[in-house]
1. List the residue pairs whose Cβ atoms are under 6 Å apart, where the first residue sits in the stretch 205-228 and is more than 14 Å from residue 280 (Cβ to Cβ), the second is modelled with pLDDT of 90 or more and in a helix (DSSP H, G or I), and the two are 6 or more positions apart or on different chains.
2. Select from the stretch 176-196 the residues that are part of a loop (DSSP other than H, G, I, E, B) and more than 20 Å from residue 66 (Cα to Cα) and write down the one among them that is nearest to the chain's Cα centre (by Cα).
3. Quick check on the stretch 1-24: of everything there that is more than 18 Å from the chain's Cα centre (by Cα) and at pLDDT 95 or above, which residue is farthest from residue 279 (Cα to Cα)?
4. Across the stretch 6-35, what is the total count of residues that are more than 16 Å from residue 308 (Cα to Cα) and part of a helix (DSSP H, G or I)?
5. Of the conditions (1) assigned to a helix (DSSP H, G or I); (2) modelled with pLDDT of 95 or more; (3) more than 22 Å from residue 31 (Cβ to Cβ), residue 276 satisfies every one except a single condition; which number is it?
6. Those residues that are modelled with pLDDT of 95 or more, under 30 Å from residue 214 (Cβ atoms) and in a strand (DSSP E or B), I need them from the stretch 122-175; list them, please.
7. Among the residues of the stretch 11-26, how many are more than 17 Å from residue 313 (Cβ to Cβ), touching a residue at least 24 places away in the same chain (Cβ under 8 Å) and surrounded by fewer than 24 Cβ atoms within 10 Å (Cβ to Cβ)?
8. Pull up the stretch 265-284, narrow it to residues that are in contact with a helix residue (DSSP H, G or I) (Cβ under 6 Å, 6 or more places away or on another chain) and more than 12 Å from residue 231 (Cβ to Cβ), then point me to the one that is surrounded by the fewest Cβ atoms within 10 Å (Cβ to Cβ).
C-alpha cells in the first residue's frame, strides 16, 4: 500500500482510525466531544479536540486521505417531510459549492446547524482541490438515508477528476457480528473506485446466499459467554414495543445502538442473564475486547462508532 495519511472529520470513538492503524496508515481525527476524545486518547489515537468548522485542510498538510461521517439525523427521517426538505436544501447548497461559492454564512443561519456539517467533507475536498493538493482518496459513511447526499457529493467530485462509487454495505457481510447497514462513498484520484467485495454471507433472506463465502459471524462466536442465549430488543425492529426483535446467539446482533443496555438477554429456558457490557457491545461492533471506553456516555460512543472491521475493508478498497 502506498504511503497515505488520514484526516478524519467527526471522528467519533476511533473505529476508522483503529482500522487505519491496523493497515499501517497513520492519521488524526477531529472530534468535539470531550469524553469521546478521552476514549480516543486512551486508545492511543491522534486527536484534535474541537469543532470541525474551525479547522481547514491546510491545518493537516501531510494528510492525503479525507474521511468523515458527519451527523445526519435530519436525513434519517426517511420519507418524512422534514427529511425531504433537508435533502432538497442540502442538494441546493451543494450545487452552489460546486460553482465555487462559499456557503458557510447562509448555512450558519439555518435553523438546523447540522445542515452545514453534512457538507463539511465536500468543503474540505473542494478546498484541497482549489489549493492544488487534492486528496488522493475521500471516504464517507453514514446511515443509509444519506445515500442521496453521497451520490450528489460524488457528482461534484467526479467533476473534479475523481473516480467515485457509492452504495449501501451490510456490516455482517464483512465479518462484523452485527446487522448494520451503512451508506458509503469512495472517491479516488487515481485508479477506479470500487466498493469492497463481501467476505461473508449476508444474514437471513436479505440477499441470495453465496455458498463460496463463510456464514456471517454470530454473537456466540464474538462473545465469551458460557452458554447459548437470546437477545430481545425494541430497537432492532424500529423501536416499536409491539414488534420486539429477538435473536439467538447463533445469529449476528441487531444494530448496536446507544440503548444496548436495555437489550434483554436470557437463556433458552427464559432465565435472565447479565446484560451486555460496554466491552461486549464494543466487540459486537468489532472493536477489541480491551478497547478503553471512557466517560459517562460510553454506550452512546459505542452505538455511534464505525465498526473497525467494516472500516478496514472500506479503506483497503479506497487505498489499494
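1. 216/172
2. Restricting to residues being part of a loop (DSSP other than H, G, I, E, B) and more than 20 Å from residue 66 (Cα to Cα), the top hit is 180.
3. 4
4. The qualifying residues number 2.
5. Condition (1) is where residue 276 drops out.
6. 137, 139, 140, 141, 165, 166, 167, 168, 169, 170
7. 1
8. Only one residue tops the list, namely 278.
The values are calculated or read from the model by the stated rules, or taken from the named source; none is laboratory data. Given the structure is predicted, the values throughout are model-derived calculations rather than measurements. Glycine also receives a Cβ, built like all others from the backbone with ideal geometry; neighbour counts cover every protein chain displayed.
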